[in-house]
1. With label points built 7 Å along Cα→Cβ from the Cα atoms of Met9 and Lys23, find their separation and express it in nm.
2. Which FRET efficiency value, to the nearest 0.05, do you get for Asn95 and Ala75 by plugging their Cβ-Cβ distance into 1/(1 + (r/R0)^6) with R0 = 25 Å?
3. Which of the listed residues, Trp38, Ser65, Tyr84, is farthest toward the dipole's positive end in the chain, when Lys, Arg count +1 and Asp, Glu count -1 at the beta-carbon?
4. Please state the charge dipole magnitude for the stretch 8-104, taken about the Cα centre, from unit charges on C-beta atoms (+1 on K and R, -1 on D and E), reported in debye and rounded to the nearest 20.
5. Only sites in a loop by DSSP and with at most 16 other Cβ atoms within 10 Å count here; which GluC sites (Glu not before Pro) in the stretch 1-80 make the cut?
6. Can you tell me the orientation of helix 11-28 relative to the chain, as the angle in degrees between its alpha-carbon axis and the longest Cα principal axis, to the nearest 10?
7. How large is the convex hull of the Cα atoms of the stretch 31-103 per residue, expressed in Å³ as a whole number?
8. With each run of n ≥ 4 DSSP H residues scored as -39500 (n - 2.57), what mean residue ellipticity at 222 nm is computed for the chain after dividing by its residue count and rounding to the nearest 500 deg cm²/dmol?
Amino acid sequence: MQKDKGEQMNTIEYKRNKKWYAKARKLLLNKKIIAVGWQEWDSEDEYSSTGLVFKVDDGTQFYISCDDEGNDAGALHWQTEKDYDVLPVGVASVNEMRKQNERN
């Protein structure tokens, strides 16, 4: 939960936040991304989108979700000092692209 400016978090909130920072660092820092692609989020849901998935060198896969519960795919926003953009949902899945490449 985000606090208003000037409002302090209590010890339980601090420990919870500290745990998530540690988890993110362990999962992401000093890892090399070895695969990137879009895949169907929920093949049983006709309204589900494709979402960005990436895999790092220890085999961990990351799925960009629209919420904490993984209800649907989410967009990944990025920014450098000179540019910004978004990797959107709804891009053709890796399997769809593979099939199209074979046709061409």
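1. Those two pseudo-labels are separated by 1.3 nm.
2. Numbers: r = 21 Å, r/R0 = 0.82.
Efficiency, from the Cβ-Cβ distance: 0.75.
3. Checking the options against the dipole of the chain, the answer is Tyr84.
4. On the way: 14 positive and 17 negative charges, 174 e Å.
Dipole about the Cα centre, nearest 20: 840 debye.
5. Numbers: sites: Glu7, Glu13, Glu40, Glu44, Glu46, Glu69; in loops: Glu7, Glu44, Glu46, Glu69.
Passing both the DSSP loop test and the Cβ count: Glu7, Glu44, Glu46, Glu69.
6. 30
7. Working: hull volume 9.8 nm³, N = 73.
Looking at the stretch 31-103, the number lands at 134 Å³ per residue.
8. On the way: 2 runs with 28 residues, N = 104.
The helix contribution divided over the chain gives -8500 deg cm²/dmol.
We did not get these values from a lab; they are worked out from the coordinates using the rules stated. None of these values were measured; they are calculated from a predicted model. Note: ideal-geometry Cβ built from the backbone for every residue, glycine included; neighbour counts use all protein chains shown.
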